[in-house]
1. Test residue 81 against the stated conditions and say whether it is assigned to a strand (DSSP E or B) and either under 25 Å from residue 125 (Cα atoms) or in contact (Cβ under 8 Å) with a residue 60 or more places away in the chain (or both).
2. I'm trying to understand the selection: among the residues of the stretch 22-55, which are among the charged types (D, E, K, R), out of contact with any Gly (no Cβ under 8 Å at 6 or more places or on another chain) and touching a residue at least 60 places away in the same chain (Cβ under 8 Å)?
3. Taking the stretch 1-27 as the region of interest, how many residues are open to solvent by less than 80 Å² (accessible area, probe 1.4 Å), within 18 Å of residue 38 (Cβ to Cβ) and of a type outside the set (Ser, Thr, Tyr)?
4. Give 44, 58 a once-over and let me know the one that is modelled with pLDDT of 90 or more and either more than 12 Å from the chain's Cα centre (by Cα) or not basic (Lys, Arg) (or both).
5. Quick one: which residue in 98, 105 is open to solvent by less than 20 Å² (accessible area, probe 1.4 Å) and under 17 Å from residue 48 (Cβ atoms)?
6. Run down 58, 3, 8 and say which single residue is touching a Lys or Arg at 6+ places or on another chain (Cβ under 9 Å), assigned to a loop (DSSP other than H, G, I, E, B) and either closer than 30 Å to residue 93 by Cβ or free of Cβ contacts under 8 Å to residues at least 40 places away in the same chain (or both).
7. Here is a check on your reading of the model: is residue 86 more than 19 Å from residue 127 (Cβ to Cβ), open to solvent by less than 30 Å² (accessible area, probe 1.4 Å), small (Gly, Ala, Ser) and within 12 Å of the chain's Cα centre (by Cα)?
Amino acid sequence: MALKVSPLAPARFPDMPSIAGVTLASAEAGVRYKGRTDVFLAELAPGTTVAGTLTKSLTASAPVEWCRANLADGRGRAVLVNSGNANAFTGKKGHDGAVATAEAAAKAIGCKPSEVFLASTGVIGEP
């Protein structure tokens, strides 16, 4: 079965210049579907300052709660984004999944898990 392309997808993407201190990568991790790029990582140079604007919802997802808990330090080394699973309304399993995700990314780039910021989109209610 061929992968359907959104009618909103651009016909082509512009050539992007390099940004000093930022390394970008994407991959197929099988978050929800096979054969689909579903993970994006932006590695940031040591000493990068971060800030965030987060939802005020009392039902924020585990990745949002993770970011909220770690933004106060103001330092970041990575932003990890996944599609296919929002990890929202997932309780302790969702929290544990967010921690494991941050720890794996931190290990891969050599930083503290608290310096990895998470964003997720997709199915709600499944860890």
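The values are calculated or read from the model by the stated rules, or taken from the named source; none is laboratory data. In this text, all values refer to a predicted model and were calculated from it rather than measured experimentally. Neighbour counts run over all protein chains shown; Cβ positions are idealised from the backbone, glycine included. To get the accessible areas, we keep the full protein, side chains included, count just its heavy atoms, and leave off ligands, DNA and RNA. Shrake-Rupley method; radii C 1.70, N 1.55, O 1.52, S 1.80 Å.
1. Details: assigned to a strand (DSSP E or B): yes; either under 25 Å from residue 125 (Cα atoms) or in contact (Cβ under 8 Å) with a residue 60 or more places away in the chain (or both): yes.
Criteria met by residue 81.
2. Start the filter on the stretch 22-55 by keeping residues that are among the charged types (D, E, K, R), which leaves 28, 32, 34, 36, 38, 43.
If we keep only those that are out of contact with any Gly (no Cβ under 8 Å at 6 or more places or on another chain) too, we end up with 34, 43.
Once the filter is applied, which keeps residues that are among the charged types (D, E, K, R), out of contact with any Gly (no Cβ under 8 Å at 6 or more places or on another chain) and touching a residue at least 60 places away in the same chain (Cβ under 8 Å), the stretch 22-55 yields only 43.
3. Qualifying residue count for the region: 3.
4. Numbers: 58 fails: modelled with pLDDT of 90 or more.
That would be 44, the only listed residue that is modelled with pLDDT of 90 or more and either more than 12 Å from the chain's Cα centre (by Cα) or not basic (Lys, Arg) (or both).
5. Details: 98 fails: under 17 Å from residue 48 (Cβ atoms).
After applying the criteria, what remains is 105.
6. On the way: 58 fails: touching a Lys or Arg at 6+ places or on another chain (Cβ under 9 Å); 8 fails: touching a Lys or Arg at 6+ places or on another chain (Cβ under 9 Å).
It is 3.
7. Working: more than 19 Å from residue 127 (Cβ to Cβ): no; open to solvent by less than 30 Å² (accessible area, probe 1.4 Å): yes; small (Gly, Ala, Ser): yes; within 12 Å of the chain's Cα centre (by Cα): yes.
The answer is no for residue 86.
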